[in-house]
């Protein structure tokens, strides 16, 4: 438990560090939401200064940071100037959409990658392994951005799938949502699959070649039981770490897919915030994406801790 | 195929692809911004040998006015997609190369310093690295971009992209180089040289840096394609190189519009052009990284 506590503290400190750094960067940034206003000749410099004072932007940095932390604790995450409302309520729906998309994609990708990787590891040197290696390498070279656009194109042309968005009006909400999920999830899964299968194959191959596997085979343990009961746990450690690492790549890919496919997640909101120079919103999205990674890595740590007694000894 | 021929093949392949972009001024039949307003969204033209002229106006090929040649069709302003693809490759590939160079230089300097001197410098750099790695990389790129001016010229945008992409990417190479330096520092010949009174600068230059070469090369093959994709993503989102200068990213942004999706499939060309480039780097990276395991 001490170990988990330490990881948790580490994650929290990381988030605090990110927030301080972001604040300093935002402070040094040339221009803000109001300087975009200032490009309009009808808005005077005094009016802008008055607005800045009204929203408390003229206060010194530490004071603003303290106010921001207080507002995070209230669940507001600061005040969005572009939307003229606290940031918190804007975020939660978006967070749900992004988590739904990335969660489904992660689940499906691992569900496909584990059997495929294990199968490849047992079939090393056969034509099946070679073919799958070539196909996966090719898949790895196709950018998610292109996949997303091509899938959208297919959706528009065939009409089999909705062309973007998350919901359409009508009954059967769950079925409708699932229907909208298909294409974006497919893009993300195809994007992740090659990397995952490669790693599963590599670590399973190592487990299969290890001496204990040879002795287990000599004792006549059935193949299925051997693969899933004995070899998979032995190969699991690097895969669990990979789960933590791959989250960052997944979220990045998801940002692009969300923008292309009109999925109402954090990605499009982030882009809008940047274009409007709405720093409170930018900061909130930055913090959220960092917390996703921190939580994901924490989950991976806890899983490692459960799976591997060697970590508990340290 | 042996490792050596594989590497050579990948290098030649990549060389050709980069050459196509470098010599865009010669290979492309039109300048990137030349508009033919009378032919918006023209589909790819078939080749008719009769009208084709070679080596005209300092370019490889062209057709006699008022004819036009659009090998990959034209865009909304009647600009030749093929020409823009070549010129756009210049921007995208060059961004990848220069940003990777920047990242690796930073990584080499910081990683060597952290590994060689250790102590508080090492701890500081590794903590800073953790902070950078705490964000998903595209979110990080966008966040850094968010705090920089939006309205800038295309040339400024190009250099800004290189600095942003290269600047935030130093952590991974720095960590790997630090690892190499940590073990190199304790090698017998380094300790011996130190015993003979060699200065730190000499040790690093003569004994440590040559050992990091392998890591630097493999990291380059991993980083360059990743950075090309980063440029494409940022320009696609409207935060990178803007009109009229083409990059594969901002060209793809046009392909995403509804009518382009339905009827103008050739607008996807820049997206497809990325695939062979990534494949080339992938082959190179795979071959460099898996030397011994192939022998089994």
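Every number here is computed from the coordinates shown, using simple stated rules; none is lab data. In this text, all values refer to a predicted model and were calculated from it rather than measured experimentally. Glycine also receives a Cβ, built like all others from the backbone with ideal geometry; neighbour counts cover every protein chain displayed.
For the residues A:49, A:53, the requirement of being without any contact (Cβ under 8 Å) to a residue 40 or more places away in the chain, surrounded by 13 or more Cβ atoms within 10 Å (Cβ to Cβ) and more than 28 Å from the chain's Cα centre (by Cα) singles out A:49.
Within region B:151-183, restricting attention to residues that are farther than 22 Å from residue B:127 by Cβ and touching a residue at least 60 places away in the same chain (Cβ under 8 Å), the residue that is surrounded by the most Cβ atoms within 10 Å (Cβ to Cβ) is B:165. Taking only pairs six or more apart or across chains, which ones have beta-carbon atoms under 6 Å, a first residue in region A:62-73 that is over 13 Å from residue A:86 (Cβ atoms), and a second residue that is part of a helix (DSSP H, G or I)? Close Cβ pairs (under 6 Å, with a partner that is part of a helix (DSSP H, G or I)) amount to A:65/A:23. Candidates B:33, B:21: the one that is crowded, with 18+ Cβ neighbours inside 10 Å and more than 16 Å from residue B:286 (Cα to Cα) is B:21. Screening region B:184-203 for residues that are free of Cβ contacts under 8 Å to residues at least 12 places away in the same chain and in a helix (DSSP H, G or I) and picking the one that is surrounded by the most Cβ atoms within 10 Å (Cβ to Cβ) gives B:194.
Here is a yes/no grid of residues against (1) part of a helix (DSSP H, G or I); (2) away from chain B (no Cβ under 12 Å); (3) surrounded by fewer than 23 Cβ atoms within 10 Å (Cβ to Cβ):
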position: A:212; (1), (2), (3): yes, yes, yes
position: A:226; (1), (2), (3): yes, yes, yes
position: A:249; (1), (2), (3): yes, no, yes
position: A:270; (1), (2), (3): yes, no, no
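So is residue B:208 crowded, with 23+ Cβ neighbours inside 10 Å, over 19 Å from residue B:138 (Cβ atoms) and away from chain A (no Cβ under 14 Å) or not? So residue B:208 fails the test.
Suppose the filter is over 30 Å from residue A:230 (Cβ atoms), out of contact with any strand residue (DSSP E or B) (no Cβ under 9 Å at 6 or more places or on another chain) and touching a residue at least 40 places away in the same chain (Cβ under 8 Å); does residue A:193 pass it? No: the conditions fail for residue A:193.
Before we move on, is residue B:140 within 14 Å of another protein chain (Cβ to nearest Cβ) and either over 13 Å from residue B:175 (Cβ atoms) or surrounded by fewer than 18 Cβ atoms within 10 Å (Cβ to Cβ) (or both)? Taking the combined requirement at face value, the residue satisfies it.
Of the numbered criteria (1) surrounded by fewer than 17 Cβ atoms within 10 Å (Cβ to Cβ); (2) facing chain B (nearest Cβ under 10 Å); (3) in contact (Cβ under 8 Å) with a residue 60 or more places away in the chain, the one residue A:233 fails is (2).
Checking A:147, A:140 one by one, the residue that is in contact (Cβ under 8 Å) with a residue 40 or more places away in the chain, closer than 30 Å to residue A:207 by Cα and within 13 Å of chain B (Cβ to nearest Cβ) is A:140 and no other.
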